[in-house]
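Engineer: Here it is: the structure, laid out below.
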Protein chains: 2
Amino acid sequence: MNARASQSRHLRRTLLVLALACGTLAGAAVAQDARREGRRSRQREVKPIELTPAQVADLTRIANERQLSYDDLMAASKTFMPSGRHDEFVCFASGGQSGQVFAIGVPSMRLLRSIAVFTPESWQGYGFGVGHDVLAGGDMPSGREIRWGDTHHPGLSETNGVYDGQFLFIGDKANARVGVIDLRDWETKQIVKNPLTVSDHGGSFVTANTEYVVEGGQYATPLAFAYAPIDDYKKSYRGSVTFWKFDRTKGRIDPEKSFALELPPYFQDLFDAGKGPSHGLVFGNSFNAEMATGGVEGGKPPFEAGCSQRDTDYLHIIDWTIAEKLVAAGKAEQVGGFKVLPLETSIKEGVLHLAPEPKSPHGVDVTPNGQYVVVAGKLDPHVTVFSAEKIRKAIADRKYSGKDDYGVPILDFDAVMEAQVELGLGPLHTQFDDKGYAYTSLFLDSAVARWTLGGEYTAKHGEQPWKLVTKTPVQYNIGHLVTAEGDSATPQGKYLISMSKWSVDRFLPTGPLLPQNFQLVDIGQPGTTMPVIYDMPIGVGEPHYAQIIKADKLKSWLVYPEVGWNPHTQALDPKAPKQGKEGVVRDGRNVLINMTAVRSHFNPEHVEINEGDQVTWRITSLEQTPDATHGFTIGGYNINVSLEPGEFVEIKFAADMPGTFPFYCTEFCSALHLEMLGYLQVKPTGAKKDVIGMAE
Amino acid sequence: MNARASQSRHLRRTLLVLALACGTLAGAAVAQDARREGRRSRQREVKPIELTPAQVADLTRIANERQLSYDDLMAASKTFMPSGRHDEFVCFASGGQSGQVFAIGVPSMRLLRSIAVFTPESWQGYGFGVGHDVLAGGDMPSGREIRWGDTHHPGLSETNGVYDGQFLFIGDKANARVGVIDLRDWETKQIVKNPLTVSDHGGSFVTANTEYVVEGGQYATPLAFAYAPIDDYKKSYRGSVTFWKFDRTKGRIDPEKSFALELPPYFQDLFDAGKGPSHGLVFGNSFNAEMATGGVEGGKPPFEAGCSQRDTDYLHIIDWTIAEKLVAAGKAEQVGGFKVLPLETSIKEGVLHLAPEPKSPHGVDVTPNGQYVVVAGKLDPHVTVFSAEKIRKAIADRKYSGKDDYGVPILDFDAVMEAQVELGLGPLHTQFDDKGYAYTSLFLDSAVARWTLGGEYTAKHGEQPWKLVTKTPVQYNIGHLVTAEGDSATPQGKYLISMSKWSVDRFLPTGPLLPQNFQLVDIGQPGTTMPVIYDMPIGVGEPHYAQIIKADKLKSWLVYPEVGWNPHTQALDPKAPKQGKEGVVRDGRNVLINMTAVRSHFNPEHVEINEGDQVTWRITSLEQTPDATHGFTIGGYNINVSLEPGEFVEIKFAADMPGTFPFYCTEFCSALHLEMLGYLQVKPTGAKKDVIGMAE
C-alpha cells in the first residue's frame, strides 16, 4: 500500500463526517432513526417453518456439541426470544436487600430493568441529584436517614381484583416502609415510613380496588418506637397492620386518610386481601403465637425453637370495611401521630377475629374466585384451606373455640376449615393458574407442588378436588413462587417461577456470595407434566416475592409527554429551562443555572461560580426521540442524574469545593457523546467555612 | 373429609418437624446437602441425541407457536444453558453509571452477579455496615464523599499478556478513581483516588504482567484540583496518565510506588499496554488536539464542533520502562502529594512521543501478538493500524514530522503506519479472535465489522490481509465490543458481545429509561457468517467496556478458608467472635458485642445498651456450607451486612436513637429463617445530644 495515498485517504472527509461536526447532528439522528424503523418493521416477518433434514442435522449437531438433550432443546425453544421480539409477561420481583425492584421478561427470563426504590442508585440518578425528597420520606421519625431497604412484597394496583398496570407498591421489611412506583415512567414517587413499627412483612398487598395498600408488621415492638425491656413483652409489645389509603388520581398514599390496627404481639407475617365473596376482609397469618422472646445467650431456647412449640398459630381475619367506619367515626387513637384502632375496639366491634392455623405459617393466599384462603404452615406437611363463606358464617354465629390472651375471639377451626391437602415438607406459599390448580412451594422438599382446588373449580377438569397432582424438583430451597397474574382474579397460567433461594452449584461460582435461582416452570399442560425450562441467576439481591403481569397491560411512556416535564409532579414544570433562555443567574450567593441538553451539547458549557455559592442547577432535556437519554454529572461533586427525553431536573448543592470540574453526559447518546461536556469553575474565595446548608 | 380427623392430622408432627425445631437444624441441613449432591451428579449424564420424527414435530410445533425461525432455533440451541450447566466464559462488564461491575455468563448471557465497587450496595452490605473504609479511599482530597462511579474499563490482571484470573481493576470516569477487586471472593478491596485529575477515561488497563494499572485522564484540568479560568486553558490545563503500581502479594495498589506523567491538554481517551514486541510501551489516543474550550452559550462552537475541526489527533506513545527509571532516579516532582514526571522531562528523556491519528479516535487496541496498534477514529471510516516495530524504529531514527505546541515530537505518520482499512461509519473499538480476524464496532452503521489482520496473521487463512470481510448489523449504536479474551495474548474466538447503546424497540418498554442491549454474536465460523444469537437487556446501568475470561481460570472461594475470616485482610481475624465466647462487653460508653450466626439463630439474641453508647458489633458466621449465607440488619439503624460462610464482620455505630429494634437474618437461610432474629434495646438516657463521632 502506498503510504502517502493512504494518508491522503484518511484525510478525505465524507459528507457524513461534515454532518457529524455540525451543531445538533439532526441529519445523522434522523438517518439513524429511519434505519431503526426499517429494522423494526422487518422483524415480524416470520413464516411457519418445516425443518429440512439438513436443518435437523444441524440442530442435532449443535445439541450434541453442547450436550443438550431433547428436553433441553424443547426448553430452549420455549424460552428463547428472537432479537427484537418482546416477552409476553413482565415479572416485577422485589430486589430483596438491594432495596430495589427488578423487572424481568417472561418467558425469556431477562432482567429488563432495575427500579430504584429504597437505595440510592446512580444510573437513575436517584439520590445523586434527584429523588432526595422521596428518599427522605422514608427516614425514621427520629430523623435518622435510611438509605436501603429489604424489599419484600411488590403489589400491583388492582381494579376488581385484576391487575390494572398503573402502579406498583413495594414493602421494606427492615424498616417498615412502603414505596409507590408509577408505571408510566417506572419511577418511585413516594416512600412512606410506618409510624408505628420498625419491621414489616405483610406489605405491600392491595385491596381489590386498591382502596388501601396493606402493610402488616412482623417483629413485635412497643408501638411508635418506644423502649421497653424484653421482659415486658406481653404487656408492652404489639403487632400491627396498617391500611395506607391510596389516592389514585394523585398517585400517592395519603397518610392523613390512613389508619392502623393494634394487634397482639404475634409475629404477623403475610397478608392477602379478599376479593369477590371475601372482599372487605383481609387475611394475615402469624407465627410465634407462643410469644417466645428468645435468649439463647442466657440458656433459653432460641427464637427458632421458642417460636415453634405450639401446634397452631393464628390466622388474622380483619374486616377493613368496619375498621374504616370506626376510624371515620373517631374511634381511632393517635399513636405516633397516626390513627390507630385500639385492640379492644377491634375486638368489640368485630373488626378482628383469629382462627387456628397449622404451625409457623408463611403464605396466606386467596383463591382467584375469592372463596378460599390457603395457608401453608411451614412446619406442617399440609396446606390448610379456609372457606370465606364459612368464616363469615362462623363470625355471624360467634362460633368460637375460645379467646386468646388479649381477648380476641378464636373461630372454631372445624367451622372455618374447608380442606387440608398433604403436599410435602416445608410448604410456604401458594399461587393459582387458569385451570383450577394451585401451586405451593415446598422449601424443604425443594419442589413445586401442583394440587387441585375444590368447589367451583372441581368441574373444570376431571381430577379429584383438594388432591396433590404432581411435584417438580427445583434447585434449591424454594421460597416464594409466582404464577402469571396468579394472585389476582384472572390468573393466566402458562408460567410459574420458582424463587429458589439457594443456587449452590447451579451457576458458575461467584465467590462465597452466590446468586439466587429463578427457575421458570412450564405449567401450560395439565396433569403431571410440569418441567423446569429455564434457570435465571439473580445476583443483584435476593427477591422475596414477585408478581407477573401481562405486558400489554402496561402503558409505559417512552418519552415524557412534553419537553420540560417534571417526573415528580407528572406535569410540565414552569421552572424548566427553555431553549434560547439558557444562562446563569446570580442573586447574592444564590446561583441559578438554566441549562438545556440535546445531542450533543449542554448549554451553557461554562459555568463560573464562587466557592460558597448556593447552587440550583436546572436542566431540560430537549430530546423527544425514544431512548435519547442523556446523563449529567459534575465530576468530584457526587452528582449524577439521568435525563430522559423531555425530562426536567433540578439539582441543589453547595459549592464548597473550589477548583475546575468537568461536567459531561454520562449516557452514550451519539457519536460525539464524549464531546458533550463543559466546565464548572468554582473560584476560591476562602468562603468554604462559611457555607451554609441548602435553603430550599 | 372428616373435619375432626383432619384437625387431628394437622396436629400430628413428623420427625422432620421435630428435627427442625431443634437447635442447629444440623440434621435437616445434612439431608438437604445430600439431596443436592445427588442432583448435581445426575446432571451431567447427557448422551448424544438423535431426534425422532415425533420430536422434530414437537420442536416444530413449539417453534411455530412462538413464531421462531430456523435461525432462531439454532440461536436458541447455541445459547441455552440446561438447568445446572455452567457457562464457558464470564464477561466482566463495567456497570457504567451504576458504579458497579457486572459478571455475565457466556454464552447464556445471564447476569450472574453484580460486584459493588463505587456505589454503596445493600445486598452485599457494602457501605451499610462494612466497606466504609474502602469507599472512603475514593473520596476527594478535599474530604468530599463520593458514593457513586461512572465505571468504564474493567482490566483483568495479566501474566505475560494472558488473563490470570486473580484480580480485576475498574476505572471511574466521573471521579478519576480505580477499584481493585479480588477474584477469590469477588469483593472490592481498595479504591484509589487519582490525586491529579477529576475525570479519567483510559482506566483501567494493565501492563502485560500487571506491573502497573494504567489510568489515563480524560477532560483536562489544572492538575491536582486547582482553579484556573477556561481562558488559561493552554497554559494551565493539563492531561495526565497515571501508573498505579500493583502489589500482587498484598492485592493492593501501592500509591507510594506509583507515578504519573504530565501530558498536553488534549483529551486523552483510551489506553492499551503493549505486549511481546511492544511490551514496555503504552499507547493512548486522544481527541481535542484542537484544544477547543467550547462556549456555546457565548456563540462559540460547542465542544462537539470545536473538538472535531482537525483531521488528526494524537496517538500517545509512552515508554513506561524509561519513566519508571526516571522516577526511581528522583526526576519526578511532587504534585498533589504524588510523583509526577514533568512534560519537559518526558520529552527530553524519550518517554513520550506522539503520532498523528485520524480524527476523534476512540479505541486504541494492541493485537494479540503485540505487533500492531489499531486506532479507530470515530469521524473517519477507516481503522488505522500502526506497527510497533516501525514505531520503535521511528523513535530510534528520530523520524519526526514536527513537534506539538508543547514540544512533544510527532512521529512521521507514514513511518509508523502499517495499514488503513475502510470499514464504515463511526468505527470505535477493536478486538481480536483466534483466527487472525479483528472486529471493530461501527457506531453510526450500527454494525460489527470483521476484518483481516496482516503480518504473521495472514498465513493463517486464505483471505487477503487488511481487508473488510463482513459486517453484522446490531441494534443499535454499538459502543464497545468484546470478544473472548480478545484484548489479551490468547484470544479465544467463539463469542463477541456487541455493547449496543440504544435498545429503542428491542425489549418491552420500561418507561423512558430503556436498557442497553448486549448482543451475543457467534464468531465461531470464519468468513462472512457471523449471526447475532442473543439479545440481553442491561437495565442496571450502561456498561462501557467489558472483558471475557475463560471460566476455568477463575479460582473462586465458595466458603472462606477459615471460620472467622476477615475479607478485608484476607486472613483469619483474631477479633472474630468464637462459638461459646459470645456476649456483650461494656467499657464505659463503649460497648462491644461478640456475636455468632448459624442456622438459625444469632447469639446473643438480646442486646441491651444505652442511648449514647458507642457500639462495636462483631459477628462471625459459623457456617461452612457453600451458599449458607446469612444477612444481618438492625432495623431502623441503616445497617445491613452479608455474612458469607466463615466471614467475620465488624460494624460500628453510635446508638443515638433510643427504642426497641429487631435485628434479623436478611438471607433466606433455612426453613426457620424468619425466626432468626433478636432485639436491640436502646434505653433512653437523654444522652442523645452527647453522642460523639465514632472513635476508631
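Please treat every number below as a calculation from the coordinates, not as lab data. Just so it is clear, the model here is predicted, and its values are computed rather than measured. Note that each Cβ is placed from the backbone with ideal geometry, even for glycine, and that neighbours are counted across all protein chains shown.
Engineer: Order the peptides A:168-181, B:54-67, B:628-641 from the highest to the lowest mean number of other Cβ atoms within 10 Å of their residues.
Structural biologist: Working: A:168-181: 29.3, B:54-67: 15.9, B:628-641: 26.6.
Top to bottom by mean Cβ count within 10 Å: A:168-181, B:628-641, B:54-67.
Engineer: Distances from residue A:298 to the same residue in each other copy, label points 7 Å out along Cα→Cβ, in nm, shortest first?
Structural biologist: Spelled out, the distances from residue A:298's label point are 7.4 nm.
Engineer: Using bins 5 angstrom wide from zero, how does P(r) for the stretch B:120-166 break down, in % of all Cα pairs?
Structural biologist: Using 5 Å bins, I get a P(r) of 5, 17, 17, 17, 18, 14, 9, 4 for the stretch B:120-166.
Engineer: Further question on the same structure: Find how much the distance from residue B:404 to residue B:322 grows on full extension, using 0.36 nm per residue of separation minus their present alpha carbon separation; answer in nm with one decimal.
Structural biologist: Details: separation 82, 0.36 × 82 = 29.52 nm, distance 2.12 nm.
Roughly 27.4 nm would be gained on extension.
Engineer: Can I ask one more? Given 25 °C and 0.890 mPa s, how large is the Stokes-Einstein diffusion coefficient of the stretch B:409-493 in µm²/s, with Rh as the Kirkwood radius over Cα pairs?
Structural biologist: Here the translational diffusion coefficient equals 181 µm²/s.
Engineer: Calculate the length of the line joining the C-alpha centroid of the stretch A:51-108 to that of the stretch A:202-244, in whole Å.
Structural biologist: 42
Engineer: Tally Lys/Arg at +1 and Asp/Glu at -1 over every other residue whose Cβ is under 12 Å from the Cβ of residue B:177; what's the total?
Structural biologist: Result for the neighbourhood of residue B:177: -2.
Engineer: Summing +1 for each Lys or Arg and -1 for each Asp or Glu, what net charge is found among the other residues whose Cβ lies under 10 Å from the Cβ of residue A:64?
Structural biologist: +1
Engineer: Okay, moving on. Please report the relative contact order for chain A, taking Cα pairs under 8 Å with a sequence separation of at least 6, and give it as a percent rounded to a whole number.
Structural biologist: Reported relative contact order: 9 percent.
Engineer: Using only Cα atoms, find the angle between the long axis of helix A:26-42 and the longest principal axis of chain A, and express it within 0 to 90 degrees, rounded to the nearest 10.
Structural biologist: The two axes meet at around 40 degrees.
Engineer: Find the Rg to Rh ratio for the stretch A:236-380, where Rh is the Kirkwood radius over alpha-carbon pairs and Rg uses the same atoms.
Structural biologist: Here the Rg-to-Rh quotient is 1.01.
Engineer: Could you give the Stokes-Einstein D for the protein assembly as shown in µm² per second, using the C-alpha Kirkwood radius, 4 °C, 1.567 mPa s?
Structural biologist: The estimated diffusion coefficient comes to 40 µm²/s.
Engineer: Counting Lys and Arg as +1 and Asp and Glu as -1, what is the net charge of the other residues whose Cβ lies under 12 Å from the Cβ of residue A:204?
Structural biologist: Values: positive: A:173, A:177; negative: A:158, A:172, A:200, A:215, A:272.
Once positives and negatives cancel, what remains is -3.
Engineer: Now, a different point. I need the calculated FRET efficiency for the pair residue A:231 and residue B:571, taking r as the beta carbon distance and R₀ as 51 Å, to the nearest 0.05. Walk me through the numbers before you get to the answer.
Structural biologist: On the way: r = 41 Å, r/R0 = 0.81.
E between residue A:231 and residue B:571, to the nearest 0.05, is 0.80.
Engineer: Tell me the relative contact order for the stretch A:357-485 as a rounded percent, counting alpha carbon contacts under 8 Å between residues six or more apart.
Structural biologist: Numbers: 311 pairs, mean separation 25.4, N = 129.
Relative contact order, the stretch A:357-485: 20 percent.
Engineer: Calculate how steeply helix A:53-65 sits against the longest principal axis of the alpha-carbon atoms of chain A, using the helix alpha-carbon long axis, and give the answer as 0 to 90 degrees to the nearest 10.
Structural biologist: 80
Engineer: List the distances, in nm and shortest first, from the label point of residue A:550 to the matching label points in every other copy, placing each point 7 Å from Cα along the Cα-to-Cβ direction.
Structural biologist: Listed shortest first, these distances are 5.0 nm.
Engineer: How many Cβ atoms of partner chains, on average, are near each residue of A:424-430 if near means within 10 Å of its Cβ?
Structural biologist: Details: counts 0, 7, 6, 0, 2, 0, 0.
Per residue, the number of nearby Cβ atoms from other chains is 2 on average.
Engineer: Could you tell me the ratio Rg/Rh of the stretch A:91-186? Both radii from Cα atoms, Rh via Kirkwood. Mind showing how you got there, number by number?
Structural biologist: Working: Rg = 13.5 Å, Rh = 13.8 Å.
So for the stretch A:91-186, dividing Rg by the Kirkwood Rh gives 0.98.
Engineer: For residue A:562 and residue A:54, compute 0.36 nm times the residue count separating them, minus their Cα-Cα distance, and round to one decimal in nm.
Structural biologist: Contour length minus the Cα-Cα distance gives 177.5 nm.
Engineer: Something else: Assume the label is 7 Å from Cα along Cα to beta carbon: what separations in nm does residue A:583 have to the matching positions in the other copies?
Structural biologist: Ordered by increasing distance: 7.3 nm.
Engineer: Another question, if that's okay. Across 10 Å bins from 0, what is the distribution of all Cα-Cα pair distances for the stretch A:572-696, in whole percents?
Structural biologist: Taking all Cα pairs of the stretch A:572-696, the binned fractions are 14, 46, 31, 9, 1 percent.
Engineer: A follow-up question, please. Can you pick out the pairs among B:250/B:555; B:339/B:399; B:359/B:467; B:378/B:471; A:435/A:471 whose Cα atoms lie more than 19 Å from each other?
Structural biologist: On the way: B:250/B:555 17 Å; B:339/B:399 30 Å; B:359/B:467 21 Å; B:378/B:471 17 Å; A:435/A:471 17 Å.
In this structure, B:339/B:399; B:359/B:467 lie more than 19 Å apart at Cα.
Engineer: May I ask for the angle, rounded to the nearest 10°, between helix A:70-79 and the longest principal axis of chain A, with both axes built from Cα atoms and the value confined to 0 to 90°?
Structural biologist: 70
Engineer: Between residue B:581 and residue B:552, what is the spin-label point distance in nm, taking each point 7 Å from the Cα along the Cα→C-beta axis?
Structural biologist: Those two pseudo-labels are separated by 4.3 nm.
Engineer: Based on alpha-carbon positions alone, could you give the equivalent ellipsoid semi-axes of chain B from the gyration tensor, as √(5λ), descending, whole Å? Don't skip to the end; give the middle numbers.
Structural biologist: Numbers: eigenvalues 471, 255, 92 Å².
So the equivalent ellipsoid measures 49, 36, 21 Å along its semi-axes.
Engineer: As a check on your reading of the symmetry: which chain B residue has its Cβ nearest the axis that brings B onto A, and how far is it in Å?
Structural biologist: B:76, 2
Engineer: Here is a follow-up. Give the long-range amide H neighbours of residue B:454: residues separated by 5 or more places, or on another chain, with amide H under 5 Å away, using H modelled in the peptide plane at 1.01 Å from N.
Structural biologist: It is B:466, by chain and number.
Engineer: Here's a follow-up. Using alpha carbons only, how many angstrom separate the centre of the stretch B:357-383 from the centre of the stretch A:122-153?
Structural biologist: 44
Engineer: Within 10 Å of each Cβ in peptide B:295-302, how many partner chain Cβ atoms are there on average? Round it to a whole number, please.
Structural biologist: Counting Cβ atoms of other protein chains within 10 Å of each residue's Cβ and averaging gives 6.
Engineer: For the stretch A:420-456 and the stretch B:278-350, what is the separation of their C-alpha centers, rounded to whole Å?
Structural biologist: When both Cα centres are located, 66 Å separates them.
Engineer: Counting only residues 5 or more places away or on other chains, whose amide H sits under 5 Å from the amide H of residue A:98 once H atoms are built in the peptide plane?
Structural biologist: So residue A:98 has HN proximity to A:151, A:542, B:123.
Engineer: To the nearest whole number, what is the average tally of beta carbon atoms from other chains within 10 Å of the beta carbons of peptide A:104-117?
Structural biologist: Values: counts 2, 4, 0, 1, 6, 1, 12, 8, 11, 12, 7, 4, 1, 0.
Mean partner-chain Cβ count within 10 Å for A:104-117: 5.
Engineer: Given the rule -39500 (n - 2.57) for each run of at least 4 DSSP H residues, summed and divided by the residues of chain B, what is its mean residue ellipticity at 222 nm, to the nearest 500 deg cm²/dmol?
Structural biologist: Result for chain B, helices only: -4000 deg cm²/dmol.
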